[in-house]
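Nothing in this text is a laboratory measurement; each read-out follows from the coordinates by a stated rule. Owing to the predicted nature of the structure, the values given are computational and were not obtained by experimental measurement. Positions of Cβ are backbone-derived with ideal geometry, glycine not excepted, and every protein chain shown enters the neighbour counts.
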């Protein structure tokens, strides 16, 4: 057995390793699959000084599919500054194999100066003044409620859960987070944020192709920017990143569904919590599950521990009728399985500390604009939504991933609304899989 390291240019500290571009790495490993010579022999034939010629020579050797080698390019990192929160959500939705981070709402500017222009996001020209005025009112409501709740948390310290013996700086941070986490439902989904993603060329090509197939101008702009950047590192593979008919057909059908459901269910009234959980334990008769739930879960030291086949083979689907976009943006980042939402406003969530009636005029105005955009068949309706808009959200995965998500989102430091949502589906899961109750740790979302 021999191991040879391959370092993508520029390696941080790998002077003794062959230095290859992402596409050369992919082509070398593709050739490796059609050879018994070993990686060293293949590298000896590569002209590092002229990687393009080496890539072309290798790829002409046999017809390698672009998808089969695109995944061999290693992690290609892209950062997108000043995109809307909607586009950030959509990137995580499409790039299901990516690792990534988005700027927290706790650190971005919360006022109308941090919005794209109506032209950038396709707001109809005659509705642009109305949209801009609504966004300004929404930010004003956020700022007003944030200030009120920050003062309330200081005046009534028992209102905010603070760890025992916490230092003054920690207490101050937790109280401010208490205010932000409850006022954030007024934040426009159009607010600008920043996103960084790392994935292979193959997955980037799929992501960019999907972005380019969406009707949103912002998505097209992002697709071009990403493609132009990645062409520098992976030119041959990124030529497969343009809009494609099957993608556009599905996008069109999903958007039509969103318009129909959105117009039927549009409301500013808060929706009561409902959850749906479906557990499928079926298995082929010649591979029946023989491991108990205790054997699958007991050896774990924490939620990151490896689980057994009893949970890894169990399919779980779970959904909420009323996931506020504020929570959707984070729960959507759990990469495994498939997630789906029509991204509509079937209700509007505000925590108990904020009185719905105090802001009814704003919510009515926002709902009226959303209706107008949807009736026109404008994809820009998503930019009229606020983070309190409640939409159905479904996630299908396996039990081991579901258990990890439930423990994480009810655990220490979890947002209070995440904890409510995940606690509800976890209890329904226990109804269907009662033997898991002893081994799954439901947290109390205590502050860190």
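If I build a Gaussian network model for the chain, linking alpha-carbon pairs within less than 10 angstrom, which residue out of 104, 201, 241 has the largest mean-square fluctuation? Evaluated over the chain, the most mobile residue of the options is 104. DSSP finds beta bridges in the chain, and of those with both partners inside it, around 95 percent are antiparallel. Estimated from helical segments only, the mean residue ellipticity of the chain at 222 nm is -14000 deg cm²/dmol, where each DSSP H run of four or more residues counts as -39500 (n - 2.57). Out of every Cα-Cα pair in the range 315-420, what percent are more than 24 Å apart? Every Cα pair in the range 315-420 considered, those over 24 Å come to 32 percent.
Between rounded, prolate and oblate, where does the range 184-339 land on the alpha carbon gyration tensor, with a ≥ b ≥ c its root eigenvalues, rounded for a/c under 1.5, else prolate if a/b exceeds b/c? Verdict is oblate for the range 184-339. Given R₀ = 41 Å, what would the calculated FRET efficiency be for residue 272 paired with residue 240, taking r from the Cβ atoms and rounding to 0.05? Approximately 0.35, to the nearest 0.05.
Here the residues 422, 369, ranked from fewest to most Cβ neighbours within 10 Å of their Cβ, fall in the order 369, 422.
Distance from the Cα centroid of the range 137-182 to that of the range 326-398 is 24 Å (rounded to whole angstrom).
With the simple spin-label model, which puts each label point 7 Å out from Cα in the Cβ direction, the residue 356 to residue 154 separation comes to 3.2 nm. Over all Cα atoms in the chain, the spread is summed up by Rg and Dmax: 24.7, 74 Å.
In the chain, Cα pairs under 8 Å separated by at least six residues give a relative contact order of 18 percent. Each label point was placed 7 Å from the Cα along the Cα-to-Cβ direction; for residue 303 and residue 248 their separation is 4.2 nm.
Computed extension length for residue 228-residue 47: 62.6 nm, one decimal, from 0.36 nm per residue of separation with the Cα-Cα distance subtracted.
Remark: 263, 230 ranked as 263, 230, counting other beta-carbon atoms within 10 Å and listing the fewest first. Remark: spin-label model distance residue 376-residue 441 equals 5.2 nm, labels positioned 7 Å along the Cα→Cβ axis.
The simple Förster model, with R0 at 25 Å and r as the Cβ-Cβ distance, assigns residue 172 and residue 103 a FRET efficiency of 0.70.
For the chain, the longest principal axis of the C-alpha atoms and the axis of helix 360-375 are separated by about 40°. Rg/Rh for the range 148-262 stands at 1.22; both radii use Cα atoms, and Rh follows the Kirkwood definition. Exposure proxy shown here: for 252, 336, 311, the number of other Cβ atoms within 10 Å sets the order, fewest to most, as 252, 336, 311. Between helix 416-432 and the chain there is an angle of about 70 degrees, using the helix long axis and the longest principal axis of the Cα atoms. Against the longest alpha carbon principal axis of the chain, how many degrees, from 0 to 90 and to the nearest 10, is the axis of helix 168-183 turned? Once rounded, one gets 80 degrees.
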